[in-house]
Amino acid sequence: MPVIDIADCPVKTGTLYPSPYAEMVAGRSSIRLGDAGGLTQFGANLVILQPGAMSSLRHWHHAEDEFVMVTEGECVLVQDAGETVMRAGDCAAFPAGNPDGHHFLNRSDSEARFLVVGSKAPRETCVYSDHDLMLEVDQGAVRLTYKDGTEWQGPR
């Protein structure tokens, strides 16, 4: 079994989100563990949230499952029903097709980290619960649309 040296893993900053949403996730980065290990069927990323950072826009996936485990610090999971504080060792699962959008906030004064494991469906639609925005992926090609399926031209 190949050992992954986390120090050699690619770190992703930035986002596919267009402005003004891209600015909302400043302070978030992720270490691409699955990519470093050559995984193709699922992703494994260690997400790092600086104090005050948000992991993503609140979202849910049509085709992909997601599993999260907090590894360091404290995060607030935000879903339709409200907020849940999560600490190291706490886990959450988000089955594909469940329209309960989620994201994580770091409201603490310290860095927070969590492991995200998710499937890599060849076709996927990600819906952003609080915004008129969807992200469609088809064999790696990304397309942003409004929720009615029309091409995204900016906030409306």
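Each value in this text was obtained by applying a stated rule to the coordinates, not by laboratory testing. This structure is a prediction, so every number in the text was calculated from the model and none was measured. Cβ sites come from the backbone with ideal geometry, for glycine too, and all protein chains shown count toward neighbours.
Annotations for the structure displayed:
- Close amide H contacts of Ile4 (hydrogens built in the peptide plane, cut-off under 5 Å, sequence separation of 5 or more or a different chain): none are found.
- Taking amide hydrogens as placed 1.01 Å from N in the peptide plane, the amide H of Ala53 sits under 5 Å from those of Asn106, each at least 5 positions away in sequence or on another chain.
- Peptides ranked, highest mean first, by Cβ atoms within 10 Å: ranges 86-96, 102-112: 102-112, 86-96
- Counted charge near Ala44, where neighbours are those whose Cβ lies closer than 10 Å (Asp, Glu -1; Lys, Arg +1): 0
- Over the chain, dividing the summed -39,500 (n - 2.57) contributions of all DSSP H runs of at least 4 residues by the number of residues returns a 222 nm mean residue ellipticity of -500 deg cm²/dmol.
- Per-residue Cβ neighbour rank within 10 angstrom, fewest leading, Lys12, Lys147: Lys147, Lys12
- Backbone phi angles across region 87-95, fed through the Karplus curve with coefficients 6.51, -1.76 and 1.60 (θ = phi - 60°), yield HN-Hα couplings of 10, 3, x, 6, 10, 9, 10, 10, x Hz in residue order; Gly and Pro are listed as x.
- Cα gyration tensor shape of the chain, rounded if a/c is under 1.5, else prolate or oblate by comparing a/b with b/c: oblate
- Projecting label points 7 angstrom from Cα along Cα→Cβ for Asp65 and Asp90 puts them 2.3 nm apart.
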